[in-house]
Amino acid sequence: MTRRVLNMFLAEVTRGMRLRQTWAGVAAVAVAVGVMLARGGVARDGRADYDFIARAMPAGIGLAAFIMLLAWSACLVAPELGSGSIRLVLTRPVRRGEYVLGKFLAAAAYAALLALEASALAWAAAAVLGEITGVEFGGELLFTKEEMAFAWLGGSALAMLPLLAGAALGLFISCCTRSTGLAVSAVFGVWILLDLVKHFLGVDRLVFTTYLESCWQVLANRADGLDAEWMPMAWQCAGASLGATALLLAGAVLVMRRRDISG
Amino acid sequence: METCLVLDNVSKRYGRTLAVDSLCLELRRGEVMGLLGPNGAGKSTTLGMVAGLVRRTSGRIEIFGLDADRRFTDVIARMGVLVERPAFPEYLTVRRVLKWLARLSGKAVPVDWALRVTGLDAVSGVKVGRLSQGMRQRLGIAQAILAEPELLVLDEPTSGLDVESTRDTLAFLRKLADEVSVAILFSSHQMAEVELLCDRVAVMRGGRLTACERTAAVLSWDFSSLEVLCDRAEEAAAALAAERWVTTAEALPAGVRVTLRGEDADRTAAFLVSKGFQVRGIVPRRRTLEEYFLKATRP
C-alpha cells in the first residue's frame, strides 16, 4: 500500500509541477511577503527585522499560501472527474483510498513548499536588511536569536496544521463534484462561511482557520518585546486542525469509494 | 483454456433504472469476446464494473480466479482498460502521459514499445491537447497495453480511428490474443470488426444478456436459403414455388433464389434435376452477425 500511495504521490507531484496554478501559488506567496516588506520595511534597530518576519509569515503562509492551497487542492480531483481522466488512474493498481491519500500528500507537499518559500523569503529579507541578532529594547536584549528562531520554528510547525486541514477541505470538496469551478467556489464559500459563523456560535477554538494567524502570536509578541505562552493555543491548533484533516480525509475517501466513475 | 473472467449474476442499478440485470459471462484466456447491444443496453456499465470503475449492486466478479473487489490491485495490475472516449491531461505530452501511467502501474514498463505498436512514436513529444480524436484513441490503446496485460477490457476501441488504423488495431489485438493468450472483452457497434476479431459474441439488451454464441456458429451457412444456379430460371422458380416444402422461390438472371421450410439443399437439387433442369451449383446463404444481433435485440 505504501508503495502505491508513494507512486500516486510522485505521479501527482510530476503532474502538479506542470500546472500553471502551482507556480501561481509560488508567485502569490512571494508577492505577499514583498507587500509586507514594502508596508513595514526592515530596519537595523534590534526588533524591526523580527517584527517583519512576524508579519510576513501570517501574510505569506496564513493568507497567500492558504488561499492558493485551497484553490490548488480543490482542483485535485474535480477536473479529473469532469474530463474522465480519473478513469486512467483508477484502472491502475491504485485503490481509491490510496488515490485520495496520494493527492493529499501532494497537497501537503505543496503546502510545505509554499511555507518554505515564505520562510526563506522572509528570513532572507530580514537577514539582508536587518540584523537578526535577537530582540532588543533600549539596549537590553529581551529575546536571544535562538529564542526567536524557536518561536518562528514553533509557529511554522503549527502553521502547517491548518494548511493541511485546508488541503483536506479542498480535496473533500473536489471529490464531491465534477465541476472545477464549483469546487473552487465551494471551498472558498465554506471558508468564508466558517469564519463568519464561528464567532457567532462561539466555536472559534474548534475551527482550524482560527489558527492561520494565531499560531504566529508567540513570535509576534516576542518581536514586540512581550512574552507569550504556547499553551493552550498549540494543543487547540493541533486538535482542531488534525481533527478536521482526519474527518475531511475520511469523508473524501468515503465519497470516492461510493462513486461510480463514468465518462 | 483457463477461465480468466467470470461474471456471476452481476447487476447494477442506478436509482430506479436497472442498467445491468443478473449478467453471467465467462471469458477464457486467449479468447476475444465482443459485447454487442444497442445504446443503453448496459455494455459500458458492464465493462465499467469489470474495470472496477462502476460499483455493482449485486453479484460477483472473479478475475484470474481472484475476487475482483478484495484483490482489486492484484487483479487490475494484470489488466488493461480502455474506456469510452478516453480523456488525458491535455498539458502533458504523449510520452509523458504514458510515463505517468507507467509510474502508477508500479512497473518498469517500456513506453517505447506501446508508442511504436500504436503508431504514436512520431507524435510522442506532442501535447495531448493538440492530438486529433483518432490519435487520442490510439493513445488510449497504448495506455491499455502498456503494462503487458493478460486481460484487456476495451470500450469501443476503434471509435474515431480511420480505416487503416482500425485494420491495424484489430490485427494487433488478434495477434495479442493468438500469440500471448491475452483475453479481450470489448464492446462495439461495428459488426464487421466484431466478425473479424471475436471468437465469441454476446448480445445485451435492456441490461440483460440475450444471446451468447461462438462467432463461427453465428456466421454459419444457412441451408434453408439457397441460390440455385440453373437454366430456365423462370420455369424453375415456378416449379419450386408450387412445392409445399418451399417457402419462396424467386427467379434470378442465372438461377433461382429459394427459401425452404427446412434445411434440405439436396432435396432442392434432386427436385430440379428430376424436373429436367440443369443444376450447375447450389450456394447456401451465409448468416450475418447483423441478423443475429437484430434477432437477439428484438423486443
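Could you please find all residues in segment B:63-99 being of a type in the set (Val, Ile, Thr) and within 9 Å of chain A (Cβ to nearest Cβ)?
Across segment B:63-99, the qualifying residues are B:THR73, B:VAL75, B:ILE76, B:VAL81, B:VAL83, B:VAL97.
Do we have any residue at all in segment A:107-127 that's within 25 Å of A:LEU76 (Cβ to Cβ), open to solvent by 50 Å² or more (accessible area, probe 1.4 Å), of a type in the set (Phe, Trp, Tyr) and under 16 Å from the mean Cα position of the chain (by Cα)?
no
Would you kindly identify the helices (runs of 4 or more DSSP H) lying entirely within segment A:149-263 that contain at least 2 residues that are among the aliphatic types (A, V, I, L, M) and either within 14 Å of another protein chain (Cβ to nearest Cβ) or within 25 Å of A:LEU101 (Cα to Cα) (or both)?
A:180-201, A:233-258
Which residues, taken from segment A:119-140, are assigned to a strand (DSSP E or B) and either free of Cβ contacts under 8 Å to residues at least 24 places away in the same chain or under 28 Å from A:VAL31 (Cβ atoms) (or both)?
Matches in segment A:119-140: A:VAL135, A:GLU140.
Given the conditions (1) under 23 Å from A:SER83 (Cα atoms); (2) within 10 Å of chain A (Cβ to nearest Cβ); (3) crowded, with 23+ Cβ neighbours inside 10 Å, which single one is not true for B:TYR14?
(3)
B:SER58 is checked against (1) under 25 Å from the mean Cα position of the chain (by Cα); (2) more than 10 Å from chain A (Cβ to nearest Cβ) and fails just one. What number does that condition carry?
The single condition B:SER58 does not satisfy is (1).
Quick check: is even one residue across segment B:64-85 over 30 Å from B:ASP8 (Cβ atoms) and of a type outside the set (D, E, K, R)?
So far as segment B:64-85 goes, no, none of its residues is over 30 Å from B:ASP8 (Cβ atoms) and of a type outside the set (D, E, K, R).
Could you please find all residues in segment B:100-153 being open to solvent by less than 40 Å² (accessible area, probe 1.4 Å), away from every other protein chain (no Cβ under 14 Å) and among the aromatic types (Phe, Trp, Tyr)?
none
Residues that are surrounded by fewer than 21 Cβ atoms within 10 Å (Cβ to Cβ) and within 11 Å of another protein chain (Cβ to nearest Cβ), at least 2 per element: which helices (runs of 4 or more DSSP H) completely within segment A:3-96 meet that?
A:78-83
Scan (1) part of a loop (DSSP other than H, G, I, E, B); (2) out of contact with any strand residue (DSSP E or B) (no Cβ under 7 Å at 6 or more places or on another chain); (3) crowded, with 18+ Cβ neighbours inside 10 Å for the single condition B:PRO299 breaks and write down its number.
(3)
Go through B:ALA51, B:ALA41, B:ALA19 for me and flag whichever is open to solvent by 10 Å² or more (accessible area, probe 1.4 Å) and of a type outside the set (Ser, Thr, Tyr).
On inspection, the qualifying residue turns out to be B:ALA19.
Looking at (1) under 29 Å from B:GLU263 (Cβ atoms); (2) in the same structural domain as B:ILE145 (by TED's automatic domain parsing); (3) surrounded by 22 or more Cβ atoms within 10 Å (Cβ to Cβ), which is the only condition B:LEU226 fails?
With (1) under 29 Å from B:GLU263 (Cβ atoms); (2) in the same structural domain as B:ILE145 (by TED's automatic domain parsing); (3) surrounded by 22 or more Cβ atoms within 10 Å (Cβ to Cβ) applied to B:LEU226, the lone miss is (2).
Could you identify the single residue in A:ALA244, A:ALA234 that is in contact with a helix residue (DSSP H, G or I) (Cβ under 9 Å, 6 or more places away or on another chain) and either closer than 23 Å to A:ALA74 by Cα or modelled with pLDDT under 90 (or both)?
Only one candidate passes the filter, namely A:ALA244.
Are there any pairs, at least 6 apart or on different chains, whose C-beta atoms fall under 6 Å, with the first in segment A:194-209 and under 12 Å from A:PRO162 (Cβ atoms) and in contact (Cβ under 8 Å) with a residue 40 or more places away in the chain and the second part of a helix (DSSP H, G or I) and open to solvent by less than 60 Å² (accessible area, probe 1.4 Å), and if so, which?
A:PHE208/A:PRO162; A:PHE208/A:ALA165; A:PHE208/A:ALA240; A:PHE208/A:SER241; A:PHE208/A:ALA244; A:THR209/A:LEU194; A:THR209/A:ASP195
Could you list all residues from segment B:109-134 that are in contact (Cβ under 8 Å) with a residue 24 or more places away in the chain and assigned to a helix (DSSP H, G or I)?
Passing the criteria: B:VAL111, B:ALA114, B:LEU115, B:VAL117, B:VAL123, B:VAL128, B:GLY129, B:GLN133, B:GLY134.
Quick one: which strands (runs of 3 or more DSSP E) lie wholly within segment B:1-97 and hold at least 1 residues that are in the same structural domain as B:GLY119 (by TED's automatic domain parsing) and free of Cβ contacts under 8 Å to residues at least 24 places away in the same chain?
Here the list reads B:3-14, B:17-28.
Which ones in segment B:166-206 are part of a helix (DSSP H, G or I), open to solvent by 10 Å² or more (accessible area, probe 1.4 Å) and in contact with a Lys or Arg (Cβ under 7 Å, 6 or more places away or on another chain)?
none
When you look at B:LEU209, is it open to solvent by 20 Å² or more (accessible area, probe 1.4 Å), touching a residue at least 24 places away in the same chain (Cβ under 8 Å), under 30 Å from B:VAL6 (Cβ atoms) and assigned to a strand (DSSP E or B), yes or no?
When the stated conditions are applied, B:LEU209 passes them.
The values are calculated or read from the model by the stated rules, or taken from the named source; none is laboratory data. Bear in mind the structure is a predicted one, so any value in this text is a computation, not a measurement. Heads up, the Cβs are rebuilt from the backbone with ideal geometry, glycines too, and the neighbour counts pull from every protein chain shown. What goes into the accessible areas is simple: the full protein's heavy atoms, side chains included, and nothing from ligands, DNA or RNA. Shrake-Rupley method; radii C 1.70, N 1.55, O 1.52, S 1.80 Å.
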